[in-house]
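Colleague: What follows is a single structure, and I will ask about it in a moment.
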Amino acid sequence: MDDDALISRARAGDLDAFNLLVERYQGLVFNVCLRMLSDRAAAEDAAQEAFISAYRVLGRFRGGSFRAWLLRIAANLCYDEMRRWRRRPLPLEAAADLAAPAAQSPESALMRGELAGHLQRGLASLPADQRLALVLRDVQGLAYEEIAQAMACSLGTVKSRIARGRARLRDYLKAQGLLPSGAALALEEE
Amino acid sequence: MALAWLQHLLSHRHLSAYADGELASGLRRRVEGHLARCARCRAEVEELQATARTLSLLPQEAPPRSFALGPDQVAAPARRPPPALALRGLQAATVAFSVLLVALVAWDVAGPATSEQAAAPAGSQSAPAAAPREAPEGAGAALAATPTPAPTRPDMGLAGPQATPTPADRRRQTEEAPAAEAGEETGRSLLRIAQVAAGVAAGLAAGAWAVLAIRSRRGS
Ligand SMILES: [Zn+2]
């Protein structure tokens, strides 16, 4: 069953239909919150809260991409959480904690875990708008048009947020020695 | 040369979107034309693509639990009424304090001549419990004070209790004019304090109302 059918059933009070939508998008919503907040517990809370408020204001959904609408709710909750952190500094170890969920091959897990930690710290160093645009694009693979819906901004704004965020992250990764220079990359390909 | 530099600047800021295949065809062809001639931009595209590829290696983590909603989570729209109630309360407080401020200023501006009439509403608003006791006293004082040039302030408790309609008292009151004036001075500064307090309270209520209204709008 597609999103629209489930949405109209959920609007009629069918909680099971809504929970099918939850099941469909909870991975996406949780991971976006996780990359935005660098904190598992906070991401869990934000994701849960996003689904609760989505159910409550489902009547206001005006069509288009449901997952973009959902991501917008989740992103706003993440911004609220970060605003609270500004008053009470965020745990800096959080990003390092996110490094690795234990995986099969210990060596590759270590490599991946270290890289993931660097990437998370790099993301955390970006302004929130650029971080969100980059997470939606490069981690979740959304198209610019859908990102514009999720961020409630123009396509031009999405373009510039991704361009600036990605350039900054490139500089960060280069400084960590995790990215060879473009010239070397070009040589590799030839 | 200058043209090439201009093309470089114009293309450079589109490289990320170009790498994502998100440029409209006209712009994409222009950027491609520049890339064929500019090694720096080619290197930049490589770096941006490598950054995007690296970022896509971030693992998708499984949610720690299901976020499916239970009936208890759904049957709690109790979060909405309180803000609405608070908004209405703050609105009412803003209006009440503004009215109080206007009344206090009006009393001040209108001066002693109308102080008796103004005293009743202002007094009843700031101290409702005292109003019934003061009203008859004020009326008596008004009678007693008619021929006296010095204003009486029944609510200040100076002339009020002494005011009885006998000539002797009237004389005594005239003699006590300096004391009454000192009392008026105190009254005026009290009035100023009350005005400032009402103004500040109205401002705070209006500010709190605005903050809450903006928040609830953004949250919806
Ligand atoms: Zn160039």
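The values are calculated or read from the model by the stated rules, or taken from the named source; none is laboratory data. Remember, predicted model here, so these are calculated numbers, not experimental data. As a convention, Cβ positions derive from the backbone with ideal geometry for all residues, glycine included, and neighbour counts pool all protein chains shown. Ligands, DNA and RNA are stripped out before the accessible areas are found, and what is left, the full protein with its side chains, is counted by its heavy atoms. Shrake-Rupley method; radii C 1.70, N 1.55, O 1.52, S 1.80 Å.
Colleague: With a 1.4 Å probe and every protein chain left in place, work out the accessible area per residue of region A:1-91 in Å², rounded to a whole number.
Modeller: Value for region A:1-91: 45 Å² per residue.
Colleague: Quick check on packing: order A:166-176, B:58-68, A:40-50 by the mean number of other C-beta atoms within 10 Å, highest mean leading.
Modeller: Per-residue Cβ counts within 10 Å, averaged per peptide and sorted highest first, yield A:40-50, A:166-176, B:58-68.
Colleague: Show me the ranking of peptides B:26-37, B:46-57, A:26-37 by mean Cβ neighbours inside 10 Å, starting with the highest.
Modeller: Put in order of decreasing packing, that is A:26-37, B:46-57, B:26-37.
Colleague: Another question, if that's okay. Rg to Rh for region B:2-52: what is it, with Cα atoms only and Rh by Kirkwood?
Modeller: 0.94
Colleague: A further question follows. Output ³J(HN,Hα) for region A:150-162: one whole-Hz value per residue in order, computed from phi by the Karplus curve 6.51 cos²θ - 1.76 cosθ + 1.60 with θ = phi - 60°, and x for Gly and Pro.
Modeller: 5, 9, 6, 9, 7, 4, x, 5, 4, 4, 6, 5, 5
Colleague: Per residue, what accessible area does region A:126-190 have, given a 1.4 Å probe and all protein chains present, in Å²?
Modeller: 43
Colleague: For a protection proxy built on the mean count of beta-carbon atoms within 10 angstrom, sort A:124-137, A:73-86 highest first, please.
Modeller: A:124-137, A:73-86
Colleague: Pop out the carbon and sulfur fraction of the accessible area of region A:1-91 as a percent, whole number, probe 1.4 Å.
Modeller: Ligands and nucleic acids excluded, carbon and sulfur give 49 percent.
Colleague: Work out the mean other chain Cβ neighbour count within 10 Å for the residues of B:38-49 and drop it here as an integer.
Modeller: 5
Colleague: Still on this structure, please answer the following. Which value, in Å², gives the accessible area per residue of region B:2-52 when a 1.4 Å probe is used on the protein heavy atoms?
Modeller: With all protein chains present, region B:2-52 gives 55 Å² per residue.
Colleague: Something else now. Would you compute, for the Cα atoms of region A:126-190, the largest minus smallest coordinate along each principal axis and list the three values in descending order, in whole Å?
Modeller: Sorted from largest, the Cα extents of region A:126-190 read 39, 25, 19 Å.
Colleague: What does the buried accessible surface come to for A and B, summed over both chains, with the probe at 1.4 Å? Round to 100 Å².
Modeller: Buried: approximately 4100 Å² between B and A.
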